[in-house]
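All remarks here apply to the structure that follows.
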Amino acid sequence: MALSSLSSLLRDAPILATLQAQPQLAAKHGLLALLVDAGLVTEASPWLRSEVRAVIAQAQRHRVALRNALAALVAAGVQVTPLKGFALASRLYPSPLTRPSTDVDLLVRPEALSAATAVLEGLGYRLHADAAVADPAQDHHHLAFVGPCSVELHFALSSGFGGATISSDGVWRRARPIEVEGVACARLSPEDELVFLAAHAASHGFLRLGWLLDLHVLLSAAPVATLVPRLRGGVGDVLRALDLADADVEREVREMEAVAYGKTAN
């Protein structure tokens, strides 16, 4: 997306005036650096400059960690798909380093989990056990690693912590080739990415507006009408996410869902 298009999208957001008046709130929701880059926040306080520099510096660290992890995994013969983070930002945003990220997310096939773990350990990462999860393979969808940065190694797109899981069946078949930081790997299909991003936002209670902006920008690149008929699951999370992000788009999704699934749009 061009900077002018992103600026227009942000400028039309009903909450823009609030975010401009409260830059701390914009930072909390992962939007401050994006707003500054788009010229929609022009305050030049030391705090704001420091905050934006910190976002860019962390994104750059994650960019380097992503590049190193992808290169090592591919060299080891592990098929890998980067999720969210810099890989997403580099496709959807004009200045990808201004989109905040807290870790590096990677998706591998379940049967490659042990091999991928060994690769990450070879890069200086160590597994971080979650005491609240008895068996990550059964009760979660990723393993967490600490090291040069935080890494989440996904073996499924999402989970309900013992409940419903977004099945990986077909995800790899629909995945598309892509080059990220000079490394040939795979990316989710647009419809799988839509479900994944919506499910991720839903699982965290839609706490960050930045996650909803990701959905807005994704849909500007791949119209709703081309995605919804191809959804294989997660429609409820998509609707909840888009209901918060854009009521008009949410209505269009409901209408498309009615056609695709024979349901009544409400």
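Can you tell me which residue in the stretch 79-126 is farthest from residue 31 (Cα to Cα), limited to those that are among the aliphatic types (A, V, I, L, M) and in contact with a His (Cβ under 9 Å, 6 or more places away or on another chain)? Checking each candidate, the answer is 108. Does residue 13 satisfy the condition of being open to solvent by 10 Å² or more (accessible area, probe 1.4 Å), aliphatic (A, V, I, L, M), without any contact (Cβ under 8 Å) to a residue 12 or more places away in the chain and under 23 Å from residue 218 (Cβ atoms)? So residue 13 passes the test.
Would the stretch 41-64 turn up any residue that is small (Gly, Ala, Ser), touching a residue at least 40 places away in the same chain (Cβ under 8 Å) and open to solvent by less than 40 Å² (accessible area, probe 1.4 Å)?
Taking every residue of the stretch 41-64 in turn, at least one turns out to be small (Gly, Ala, Ser), touching a residue at least 40 places away in the same chain (Cβ under 8 Å) and open to solvent by less than 40 Å² (accessible area, probe 1.4 Å).
Residue 54 meets all of the listed conditions (1) small (Gly, Ala, Ser); (2) part of a helix (DSSP H, G or I); (3) at pLDDT below 95 but one, namely (3).
Checked against (1) in contact (Cβ under 8 Å) with a residue 60 or more places away in the chain; (2) open to solvent by less than 70 Å² (accessible area, probe 1.4 Å); (3) within 19 Å of residue 122 (Cβ to Cβ), residue 67 passes all but a single condition, namely (2). The residues of the stretch 1-45 that are of a type in the set (Val, Ile, Thr), modelled with pLDDT under 90 and in a loop (DSSP other than H, G, I, E, B), listed by number, are 15, 42.
When 109, 91, 126 are checked against the criterion of being open to solvent by 40 Å² or more (accessible area, probe 1.4 Å) and within 16 Å of residue 194 (Cα to Cα), a single residue qualifies: 91.
The values are calculated or read from the model by the stated rules, or taken from the named source; none is laboratory data. This is a predicted model, so every value here is computed, not measured. For neighbour counting, all protein chains shown are included, and Cβ atoms are generated from backbone atoms with ideal geometry for every residue, glycine included. These area figures cover heavy atoms from the full protein model, side chains too; ligands, DNA and RNA do not enter into them. Shrake-Rupley method; radii C 1.70, N 1.55, O 1.52, S 1.80 Å.
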